[in-house]
1. Could you give me the ³J(HN,Hα) list for segment 247-252, computed from phi with Karplus coefficients 6.51, -1.76, 1.60 and θ = phi - 60°, whole Hz, x at Gly and Pro?
2. Can you give the Rg to Rh ratio for segment 308-443, taking only C-alpha atoms and Rh from Kirkwood?
3. How charged is the neighbourhood of Ile357? Take every other residue with its Cβ under 12 Å from the Cβ of Ile357, and add Lys/Arg as +1 and Asp/Glu as -1.
4. Could the peptides 719-726, 153-160, 790-797 be put in order, highest first, of the mean number of other beta-carbon atoms found within 10 Å of their residues?
5. Let me make sure I get this right: for segment 473-579, a, b and c are the square roots of the gyration tensor eigenvalues over alpha carbons, sorted descending. Under 1.5 in a/c it's rounded, otherwise prolate if a/b > b/c, else oblate. Which is it?
6. How charged is the neighbourhood of Pro312? Take every other residue with its Cβ under 15 Å from the Cβ of Pro312, and add Lys/Arg as +1 and Asp/Glu as -1.
7. Roughly to the nearest percent, how much of the accessible area of segment 301-377 is carbon and sulfur, given a 1.4 Å probe?
8. How big is segment 242-351 by Rg and Dmax over its Cα atoms, in Å?
Amino acid sequence: MLFSEGYNELPRQKNRRLLHLLGELLREPMVFLLLGCGLIYMVLGDKQEAIMLLGFLGIILGITLFQEQKAEHALEALRDLASPRALVLRDGNKVRIAGRDVVRGDILFLAEGDRIPADADIVSTLHFAVDESLLTGESLPVEKSAESSKVFAGTTGVKGSAVARVTATGLSTELGKIGGMLKEAKPDATRLERETRHLVKVIATGSTVLCLAVVGAYVFYQHTWTQGLLAGLTLAMAILPNELPAVLTIFMALGAWRMSKKRVLTRRLSAIEALGTTTVLCVDKTGTLTYNRMALRRLVLGDRVYDVLDKPDAALPEDFHELLEFSLLATEQEAYDPMDHALKDAADHMLGGTEHIHDDWSIAKQYPLTPKLLSISQAWRSVGGKLCPVAAKGAPEAIFDLCHLPQEQREQLGTLVATHASEGLRLLGVAKGVTPLERLPDQQHDIDFDFLGLVAMEDPLRPEVPAAIQECLAAGIRVIMITGDHPNTAKSIAKQAGLPHPEQILTGTDLGNLSDQDLAVRVRSVSVCARIAPEQKARLVDALKASGEVVAMTGDGVNDAPALTKANIGIAMGQRGSDVAREAATLVLLDDDFGSIVTAVKMGRRIYTNLQHAMSYLLAVHIPIAGLSVIPVLFDLPLVLMPIHIAFLHLIIEPACSIAFEAEAESQDAMTVPPRKSDEPLFSRAVLLPTLVQGGSVLITLLAVFFAAWRLGDGEADARSIAFTVLVVANLGLIIASLAGDSADFYRRKQANVALRWVVAGSIVMLAIVLYIPPIRSLFRFTLMHPTDMAICLTSGGLSSLWFLVVRKKKVKQPTAVLKPKLAQPSTKPQARQSGAL
């Protein structure tokens, strides 16, 4: 294997390494402000304060760098998980590897939905067609054969299967020659990023004007430019919320990393924003609500039924041998479908060693399943035979049609199918035929088929699904089950899963007959969609979105890609999903489990809630800091905060907003409140007003304490020491109050926030150091704090922020009933979406 040629990948945007991250941080406004203050202190001859500022700058850079690198590593791990996969032959075995590990000479096994990882020569093919629009712009699939056909990296298999030998990788491929200089496209900014940037620009503009006013006022009162510039820079450091963009990046990156630990891969960070707004969850039945492990349950010959699972070790009656034999003959030799696996396992167990197993036969012609005829037929070449036995299986209605059964018999068999399907069984019709080997027909309908019977299989519901669905309903999220199965099968599974109104079923035929406007009305009243073709999912998404819903849609096949792209959140299956589906999706379930979707919604709500609390805290804490920086200057009072004090506060603020808030666990009521509105801003009036009140109450308390201490003759240093201590205590109170939010269980939560404990403990230790170690105390221009002063600081600082926690606790009420989304009747108007917390 030619690893010397390098990995099978095109050049991409390099990861932000340590020096690159450091370079970005050094361009932050806060760094320039600290350096500017240090330079002024040097000019004034105060080297100790300059060195202390630079020391604080190093610590702040270290904390930020650690968090940024942690987020970068998390994103890199997610990119590795999201890379395409390839099925290759290694050491005589088929193994699935990362696409970047494919080398020249590898044997590739390609199937429908696979993204082809490298240029390769076709060795063998079975109805294989490829979408080459990425290279040629041609939208029609290109049929491939073993005669001098090639497949190219970046194209996608859309039908059939093939075996190919790799001839070129990486930059040597046709795609590499075209795009060797291309880098990863920079993703568009999300709504939260745009909102945060706008807020930072507004505050930065206002702070610039205010800083200039402060400098002018200081020069006017004190007649000194250096001290005026120092006051202006201090105010800029106090006002600028430069942490906002960094906090957003860290929260989203670490949130995606945490979700990956729960087996949910985030391919686009915008999905995390949308999870908290999801109102409808459309899920496939097979493999998501069920195990996708089919087992043969019954064989049906007219009114005679043989229950396989009731007699697992008994010999199969002779009358049923032919039905199982032709079921196996209609099954692809390389079985991928769970029903095919179930039939193979059953035939091996019950027909093994008999004349009904034809290992010496070979396929003469295969008639694949099509959207118009949901059946597959295979003509077999027997040893020495001039006639080809043909076996067909598929949807019972399709097999009835192939056999040209009279209407009366179709109705009788239809009743029989409905009876078995009502028990949650999936049924296939089976037929047999014969045709001359020399004149194999081009179509299945040209073969004379005889109806043999029905085979019934079941795919059991995952045991955790009913509870997960109830959790979704309690969170105001509708769950719509989508399946290609018979309506009665879908109804049975829906009942087991606990979906509301399982009898209201929308079929693929109904969907096709409805206009877009009528469909938008109809989807408000259904929880079950049956006999739905993959391409119909996109219409369902459009109809739901037209009704004002925020839609999450699952899918795994090539034809699911349009629906996944149209949905607000596209969710692909990681185990059985195609590369096309995974690349069209925003989330990938690594274990194909419905419970993981509910976990993702819960974590999405947690991430957004914690982010909102962190942002609120940042705005609230900057209000008293800015007030203490500007009010003394405007009223010709002694300066309370110097640059060194602002830098100290940032040592608390930085880890609090990026570590303590991000680590906060979700509340117990996270899934008992309705989804938030999709257009609800991060700083809505309901969020912004309490934030301003919190910050304002702390500022008023600080000013009162400072004026009282100063007017009582304690002196400037004493007043500064008391005010600063109150500010640090109040800051810790703001952190706790912001973390609590409106959550009822914050006060009794068992899972402790370890990061919060470290932040609080570290803040107390740092405050003690600057207050009680003489050299450092003198640098901060403090005086020794007496026990009485400390008691006043603790009391006033705690009350200034924690009173809000008490008020919120009284307002919070436990949910008295499970919130369930109402299913509108077809004749009603769309109901207004509830607003509220996350």
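The values are calculated or read from the model by the stated rules, or taken from the named source; none is laboratory data. As the structure is a computational prediction, the values presented were derived from the model and not from experiment. Every residue, glycine as well, gets a Cβ built from its backbone with ideal geometry; the counts of neighbours run over all protein chains shown. Surface areas here come from the heavy atoms of the whole protein model, side chains and all, with no ligands, DNA or RNA. Shrake-Rupley method; radii C 1.70, N 1.55, O 1.52, S 1.80 Å.
1. After applying 6.51 cos²θ - 1.76 cosθ + 1.60, I find 4, 4, 4, 5, 4, 5 Hz.
2. 0.96
3. -4
4. Answer by packing, highest mean first, reads 719-726, 153-160, 790-797.
5. In terms of gyration-tensor shape, rounded.
6. Taking every Cβ under 15 Å from that of Pro312, the sum is -3.
7. 51 percent
8. 24.0, 79
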